[in-house]
Amino acid sequence: MRPAPRHAAVPFAAALFAAAALSARAAADAGGAPVIRSWGVPSGEPQGVEGECDVRVADAFRARHPGVRLEPAGGLVLPGGRAMDTTPLMQIAGDVAPDALYVNFRQSDTYVRNRFLMPLDAWLEREDGLAPEATRGAHALSNEEYLALLRTGPRFEEEMRDRLPAVLWDVIRRECPWGADCPYLRDWGREPCAAHRHVFAVPLRQLVTALFYRRDVFAEAGLPDRVPETAEEMLAWARRATNPAGRTWGLRLPTSETGYSTLSFLYSWGGRAVARGADGAWRCAFDSPEAADAYTFVARLYLEPFTNAWGALPTCVDTGEANAPGQRSAMWFSYLDRDAFSRLDPNLVGFGPVPRGPTGLRGSEYNCSMLGVYAGSGERDPRAPELAWEWAWFAGGREARAIRARTYVENGLGRFVPPSALREAGFEPDDFACPPGWEETAAVARENGIPEPYGRNCQLVYAYMSRAIDQARNAGAVRAAIRRGDFPAARGRIASILRERVALADEKMIGRVPPEKLRFRRRVAAAAVAGMALAFVLVFRRVLRTFAAAVPRDPAGGPRRDGAGRGAAYLLLLPALLSLAVWSYWPLARGTAMAFQDYNVRGWSRWVGLDNFAAVLFSGEFWHAMLVSLEYAALYLSLGFVAPIVLALLLSEVPRGKILYRTVYYLPAVLSGVVVIFLWKGFYGPYGALNQMLNGCIHAVNAVFGTSFPDLAKAWLSEPKAALLLCLLPTIWAGMGPGCLVYLAALKTVPDDLYEAAELEGCGLFGKIRHVSLPSIRALVLINFVGAAIGAMKSGGEFVLAMTGGGPYAPYGATEVVGLHIFWEAFGYLRFGPATAMAWVLGSMLIGFTVLQLQRLSKMEFKAGAGAAATR
């Protein structure tokens, strides 16, 4: 079955893709080995025991399907903690999506609504051993009824009971986005139905959250060897265990994504991140009274001062992502699985269920990694979808689990395997020193498990929750109230912040905008679009007039017409015009259409009118990115634009060794961009050269003055106030040498007579630069300045993406320039319509600079030989 055809990007590219598709289809028709690309398939040498497990599982699948080539689906891993969310979407956007696609809870709704996933019902029912006649109306059943149907299958107890628990079904079985036109029902010979459900993914490994603790820290603080029973007890124990002098903190709650790190408190207080109303519509729910109570407790953890045996202390929380050398956290939340145990010493680390909240609930997050079959898989090879299903089901099945258990046992790590998995593989758990209480803790966690948010656009939910929590944590009123013990006042301010943030998240993430507000925004968007269109028309007219005035005219007053060679000139221009038309103007025209669409890369786009512009014009994130770009442009123009000019002036005046100095300053341009990025990221790291130089100064001060300032181990790119400048410095360093060559060439055209005359007038070095050098290259500087201003507003995203990914976020990205923001919208979340609208808004703002640059160019005269560019 085939979806609606995609829109071609450009004719040439379409021809290439068509040729590739025909070649692949021809190979398939000729009986070539089918190729299955999947997330989770190892590439290269295995890394650690878990990597060896992946290799053995993949080899076992290949042995069962000897004619199938199972290959990994690599992807670009981006910084900023978004890799698992963005990599699959970028693969889809680039038309290189794997056949078996990684799916997580947060993105499941986005994948289903955009029709990226193929329904798996028929294959799942076949695995269960159900007869076709028993499943003809299965698609119309509720999730509870469908699960009851599967339980009647002969293989349910063996294959599905533990792998597909009841808590998972609302996540994996969703409403069909095709409705009555569902092509899969037709293929399966089932009755069409407007409202029905399909299974879109199957789990590989289930995960539940537990609380881990260090036994040695607990012993030092005189605490019992167990997890605290309640949240209040956890707070008291965390304070007893905190000892800053010993670099020990009571509880680790990373502030890089507080929405996730504090999720257990929200659940234990009875709150939810998102909820579905009686009308079936999703909305954010982290503004409930339970949420306000939970985050008031979180604020106490971060902000409430206390006194213990080590003195008066401001907090008991370690806010870092990981322990620095010598730093310890007494407690932290983590998933309860073999990966966690394989990285820990079970003699040193204990674990247990999440502490109870005031309602008696234990808020364990339930999660699992899943695989789905990409809906476009069959376009390359009709055999691929079913083989992708076979791999998805095998990779998380009984045989694969047994392979993993045996691999751990063979490597002497059987104690890190869940006892149930050991029994399934034929081992006795008593033969291994498994961490005590593993099964009991896992059972409690599963019993109280709450699925990770899986509603509409929930891939963004932690970002919006984190911004709310960070705002509450940093609010002056909350800080003051917590410090004086006035928790009701703190709760009132926190509740107000949560309501504001939920309203924003409902609008931005879920799209719940009140009708009157939406009408107003559409009117504003209509005026803005009309203004942009008028601006472009006026600019185009102005440009034509500017260059028409520059055309040489004959003595009679008309334009000079040189008939000879006119046709040859147009013929020479034709390749450039065609190239511009294909690679610039055609994408521009397509982008204009996309700005008015809810664009879908699979071909199911729909027109939305001015809604994309209405969303963009009232987007706080977009305007924040614009402000960041303005700051970036100001820094670049004051540092990066001036640096090559200063360097060129200095190099032109160096009396000896000019070639050596020019070579030295040009060398950074020879380095690969990847090398530059890693070089400077290491320079800014906690143990990089910057901190080492500063620590050298600290040691000198301590030695001279007898002070005891501690060493720095700061991650400078995590500092919001410094990160943008630090991202800019590598571009200045790498571009300063090549940039100065243009000005050096211009300075070579300045007649020596002018310098000699300046010397006779008594001018020194700086006098000659001021009165001769700078005036001679002024026209070139002005032209480059306008171009640099335009480029600085549009660029910067490449280095920022590699250096910080747009972060740190507090709550908005401190380095997320507008170009990077558009990139995330388009390729990180596949929201091409709003991203294109943003690009048009940015272009309309920069068009004035373009006119200025063209006017300057029209007045320039370029003379050969000893002449220089000058302004008429």
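The values are calculated or read from the model by the stated rules, or taken from the named source; none is laboratory data. As the structure is a prediction and not an experimental result, all values here were calculated from the model. FYI the Cβ positions are ideal-geometry reconstructions off the backbone, even for glycines, and counts take in every protein chain you see. Accessible surface is based on the protein model in full, side chains and every heavy atom, while ligands, DNA and RNA are left aside. Shrake-Rupley method; radii C 1.70, N 1.55, O 1.52, S 1.80 Å.
Based on this model, can you work out whether Val772 counts as in contact with a Leu (Cβ under 7 Å, 6 or more places away or on another chain) and either open to solvent by 40 Å² or more (accessible area, probe 1.4 Å) or farther than 17 Å from Phe641 by Cβ (or both)? Talk me through it step by step, then tell me what you get.
Numbers: in contact with a Leu (Cβ under 7 Å, 6 or more places away or on another chain): yes; either open to solvent by 40 Å² or more (accessible area, probe 1.4 Å) or farther than 17 Å from Phe641 by Cβ (or both): yes.
Criteria met by Val772.
What about Trp123, is it within 30 Å of Met509 (Cα to Cα) and either assigned to a helix (DSSP H, G or I) or at pLDDT below 95 (or both)?
no
Of the residues that make up segment 682-693, is at least one surrounded by 15 or more Cβ atoms within 10 Å (Cβ to Cβ) and among the small types (Gly, Ala, Ser)?
yes
Please go through segment 406-445 and give me each residue that is touching a Cys at 6+ places or on another chain (Cβ under 7 Å) and open to solvent by 50 Å² or more (accessible area, probe 1.4 Å), ordered by number.
Arg415 - this is the single residue of segment 406-445 that is touching a Cys at 6+ places or on another chain (Cβ under 7 Å) and open to solvent by 50 Å² or more (accessible area, probe 1.4 Å).
How many residues does segment 609-633 contain that are touching a residue at least 60 places away in the same chain (Cβ under 8 Å) and open to solvent by 30 Å² or more (accessible area, probe 1.4 Å)? Talk me through it step by step, then tell me what you get.
Taking segment 609-633 and keeping what is touching a residue at least 60 places away in the same chain (Cβ under 8 Å), we get 609-622, 624-626, 628-633.
Pick out the ones that are also open to solvent by 30 Å² or more (accessible area, probe 1.4 Å) and you get 609-611, 615, 617-618, 620, 624, 630-631.
Qualifying residue count for the region: 10.
Could you please let me know if Leu207 is part of a strand (DSSP E or B) and either open to solvent by 10 Å² or more (accessible area, probe 1.4 Å) or out of contact with any strand residue (DSSP E or B) (no Cβ under 7 Å at 6 or more places or on another chain) (or both)? It would help to see each step written out before you state the result.
On the way: part of a strand (DSSP E or B): yes; either open to solvent by 10 Å² or more (accessible area, probe 1.4 Å) or out of contact with any strand residue (DSSP E or B) (no Cβ under 7 Å at 6 or more places or on another chain) (or both): yes.
It is true that Leu207 is part of a strand (DSSP E or B) and either open to solvent by 10 Å² or more (accessible area, probe 1.4 Å) or out of contact with any strand residue (DSSP E or B) (no Cβ under 7 Å at 6 or more places or on another chain) (or both).
Would you confirm whether any residue within segment 375-396 is at pLDDT 90 or above, in a loop (DSSP other than H, G, I, E, B) and closer than 25 Å to Leu422 by Cα?
Checked against the condition, which is being at pLDDT 90 or above, in a loop (DSSP other than H, G, I, E, B) and closer than 25 Å to Leu422 by Cα, segment 375-396 yields at least one hit.
Hand me the list of helices (runs of 4 or more DSSP H) wholly inside segment 213-325 holding 1 or more residues that are under 30 Å from Pro488 (Cβ atoms).
Hits in segment 213-325: 231-241, 258-261, 263-268, 289-303.
Are there any pairs with C-beta distances below 7 angstrom linking a residue in segment 138-150 that is over 16 Å from Met160 (Cα atoms) to a residue that is in a loop (DSSP other than H, G, I, E, B) and not basic (Lys, Arg), with the two at least 6 apart or on different chains, and if so which?
Hits for this filter: His139/Cys193; His139/His196; Ala140/Cys193; Ala140/His196.
Here's the yes/no breakdown for (1) modelled with pLDDT of 90 or more; (2) in a loop (DSSP other than H, G, I, E, B); (3) over 24 Å from Gly737 (Cα atoms):
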residue: Trp623; (1), (2), (3): yes, no, yes
residue: Leu630; (1), (2), (3): yes, no, yes
residue: Ala634; (1), (2), (3): yes, no, no
residue: Ala643; (1), (2), (3): no, no, no
residue: Leu649; (1), (2), (3): no, no, no
residue: Arg656; (1), (2), (3): no, yes, no
residue: Tyr661; (1), (2), (3): no, no, no
residue: Tyr666; (1), (2), (3): no, no, no
residue: Ala669; (1), (2), (3): no, no, no
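Hey, among the residues in segment 191-202 that are outside any strand (DSSP E or B) and open to solvent by less than 30 Å² (accessible area, probe 1.4 Å), which one's farthest from Trp393 (Cα to Cα)?
In this case the residue turns out to be His196.
How do the pairs read when you match residues in segment 324-345 that are within 20 Å of Ala236 (Cα to Cα) and modelled with pLDDT of 75 or more with residues anywhere that are open to solvent by 40 Å² or more (accessible area, probe 1.4 Å) and hydroxyl-bearing (Ser, Thr, Tyr), using Cβ under 8 Å and keeping only pairs 6 or more apart or on different chains?
Taking only residues 6 or more apart or on different chains, not a single pair turns up.
Any residue at all in segment 216-239 that is in contact with a Gly (Cβ under 9 Å, 6 or more places away or on another chain), basic (Lys, Arg) and modelled with pLDDT of 95 or more?
Yes, segment 216-239 contains a residue that is in contact with a Gly (Cβ under 9 Å, 6 or more places away or on another chain), basic (Lys, Arg) and modelled with pLDDT of 95 or more.
Quick one: which of Val551, Val539 is modelled with pLDDT under 85, among the aliphatic types (A, V, I, L, M) and within 41 Å of the chain's Cα centre (by Cα)?
Val539
Name, by its number, the condition in (1) surrounded by 14 or more Cβ atoms within 10 Å (Cβ to Cβ); (2) among the polar types (S, T, N, Q); (3) without any contact (Cβ under 8 Å) to a residue 24 or more places away in the chain that does not hold for Ser718.
Single failed check for Ser718: (3).
Taking the options Cys182, Cys176, name whichever one is in contact with a strand residue (DSSP E or B) (Cβ under 9 Å, 6 or more places away or on another chain), open to solvent by 10 Å² or more (accessible area, probe 1.4 Å) and not charged (D, E, K, R).
Cys176
For segment 726-775, how many residues are over 45 Å from the mean Cα position of the chain (by Cα) and either β-branched (Val, Ile, Thr) or assigned to a loop (DSSP other than H, G, I, E, B) (or both)?
Counting residues in segment 726-775 that are over 45 Å from the mean Cα position of the chain (by Cα) and either β-branched (Val, Ile, Thr) or assigned to a loop (DSSP other than H, G, I, E, B) (or both) gives 9.
Among (1) hydrophobic (A, V, I, L, M, F, W, C); (2) at pLDDT 85 or above; (3) open to solvent by 20 Å² or more (accessible area, probe 1.4 Å), there is one condition Val674 misses while meeting the rest; what is its number?
The number of the failed condition is (2).
Would you please list the contacts, defined by Cβ atoms under 7 Å and residues six or more apart or on different chains, that run from a residue in segment 653-673 that is under 26 Å from Gly767 (Cα atoms) to a residue that is part of a helix (DSSP H, G or I) and open to solvent by 100 Å² or more (accessible area, probe 1.4 Å)?
Val654/Tyr661
Could you list all residues from segment 397-418 that are charged (D, E, K, R) and modelled with pLDDT under 90? Working first, answer last.
Keep residues of segment 397-418 that are charged (D, E, K, R), which gives 398-399, 401, 404, 406, 410, 415.
The answer is Arg415, and nothing else.
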